[in-house]
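Okay, structure first, notes after.
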């Protein structure tokens with residue numbers, strides 16, 4: 001399966017008006033480490049809100065359990081992206097920092113979003129999804 005790779009930058013320091021920083025969070029919305037700090041300090045993530053769209057960010061909880069607990073939140077994100085084609089979602093390596101998952105565990109969860117035109121994934125996630 002070959003598709004056009006829409007690649008999110010490794011380092012995101014600024015966003016255009018229609019871009020959204022997608023990061024791994026915790027359910028409590030305590031944005032104290034990793035990409036969550038950047039999301040709160042720079043792009044409008046809200047302390048106490050650990051799921052969904054806030055400012056120019058989209059929080060996906062990754063700190064509350066295993067892959068099976070994370071998957072529904074990623075599925076919700078993919079559906080949200082489909083419903084808001086005017087926004088461009090730049091996905092960080094969610095779950096692969098403080099949460100302690102590997103890219104091999106997380107990337108396949110985004111496979112259903114690989115053909116969604118406004119979802120941009122890390123290059124390493126594409127490598128895994130495309131096999």
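The values are calculated or read from the model by the stated rules, or taken from the named source; none is laboratory data. Source: prediction; values computed, not measured. Here the Cβ positions follow ideal geometry from the backbone for every residue, glycine too, while neighbour counts run over all protein chains shown.
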Of the candidates 111, 107, 35, the one satisfying the condition of being crowded, with 19+ Cβ neighbours inside 10 Å and closer than 18 Å to residue 4 by Cβ is 107
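Taking region 22-32 on its own, how many of its residues are more than 11 Å from residue 60 (Cα to Cα) and crowded, with 24+ Cβ neighbours inside 10 Å?
Qualifying residue count, region 22-32: 1.
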From (1) crowded, with 16+ Cβ neighbours inside 10 Å; (2) touching a strand residue (DSSP E or B) at 6+ places or on another chain (Cβ under 8 Å); (3) closer than 20 Å to residue 4 by Cα, pick out the condition that doesn't hold for residue 116.
(2)
Select from region 89-104 the residues that are out of contact with any helix residue (DSSP H, G or I) (no Cβ under 9 Å at 6 or more places or on another chain) and crowded, with 19+ Cβ neighbours inside 10 Å and list them in ascending order.
90
Of all residues in region 96-131, count the ones that are within 24 Å of residue 85 (Cα to Cα) and without any contact (Cβ under 8 Å) to a residue 24 or more places away in the chain.
4
For region 1-52, which positions are out of contact with any helix residue (DSSP H, G or I) (no Cβ under 8 Å at 6 or more places or on another chain), free of Cβ contacts under 8 Å to residues at least 60 places away in the same chain and at positive phi?
29, 44, 48
Could you pull out every one of the helices (runs of 4 or more DSSP H) wholly within region 39-131 that has 3 or more residues that are at pLDDT 95 or above and under 13 Å from the mean Cα position of the chain (by Cα)?
67-83
Would you point out which residue out of 57, 92 is within 20 Å of residue 42 (Cβ to Cβ), in contact (Cβ under 8 Å) with a residue 60 or more places away in the chain and touching a strand residue (DSSP E or B) at 6+ places or on another chain (Cβ under 6 Å)?
92
